[in-house]
């Protein structure tokens, strides 16, 4: 298969799987094995095309992303204007958003920098990916079972708020036909997330250093365990990926500067463009999916895919 076609296939795999909880790295490793696409240059390609997925997030959430670049409009205004807000109540934008992203990225960045070579040497393989898929799938099923209040497809009860206004509460049907109200998430939107929550989510993100676990899955599961709504946890995982993926791509490009030639540039560009386009569709679809569904299908998919991969490795 020509390199340009392999770049298209892997670009689609990267874009579709980067932000849904199924592990893009795991899928890229398995796809690369099936396509006989391996070696140092292939490893660099699979990391660098993540930049296309980052750009898709910047486009889909361009208003919020612009607030990071301009410190929520502070840059370009008069110097006598109020300084950028930071801390409780500042929301996930501007300087405060940058601080939250830094908190979420710091743990994985430190561990990744220290153990990058070890991870690539011992964990980048189909067997470890299969284990990561299965463990991550079980984690998704567990968090959905323990935190059913996040299920957006369930009906609602009407309760009374502090001021007498009607409040729709999520509910779950019990075995005998009765229904019970469930508590709403503590952090409903991105703007409710604090730096402590962001740091704890960053600790969960460290599990994704094991290929197959999925950075998206680990951050979403961690967020939901901490009381973040499913949608907000997913959206935060999109943004939390940006500093990690950008840093990993920059580090990989620098370490591989001696093996990349001018002839390789078109292949990398094709992969980046295809990754960007496919990620645009995947992110928008995933957010629509979460508005009416849980992540249980992804959990079962991961377990089935991991089991099939282990079976294939056993017989091949």
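When the Cα atoms of region 220-262 are enclosed in a convex hull and the volume is divided per residue, what value in Å³ results?
Details: hull volume 3.4 nm³, N = 43.
Normalising the Cα hull of region 220-262 by residue number yields 78 Å³.
With the cut-off at 1.5 for a/c, could you classify region 243-316 from its C-alpha gyration tensor as rounded, prolate or oblate? Could you put the intermediate results ahead of the total?
Numbers: a/c = 2.47, a/b = 1.42, b/c = 1.74.
Oblate.
Measuring from centroid to centroid over Cα atoms, what is the spacing of region 85-141 and region 220-264 in Å?
7
Kirkwood hydrodynamic radius for region 180-316: how many Å is it when counted over pairs of different Cα atoms? Don't skip to the end; give the middle numbers.
Details: mean 1/r = 0.0573 Å⁻¹.
Kirkwood radius, region 180-316: 17.5 Å.
Please compute the alpha carbon radius of gyration of region 194-268, then divide it by the globular-protein estimate 2.2 N^0.38 Å. Two decimals is fine. Write out the running numbers ahead of the final one.
Working: Rg = 15.6 Å, N = 75, 2.2 N^0.38 = 11.3 Å.
Computed over Cα atoms of region 194-268, the ratio equals 1.38.
Every number in this text was worked out from the coordinates using simple rules, so none of it is lab data. All figures in this text were calculated on a predicted structure; none of them were measured in a lab.
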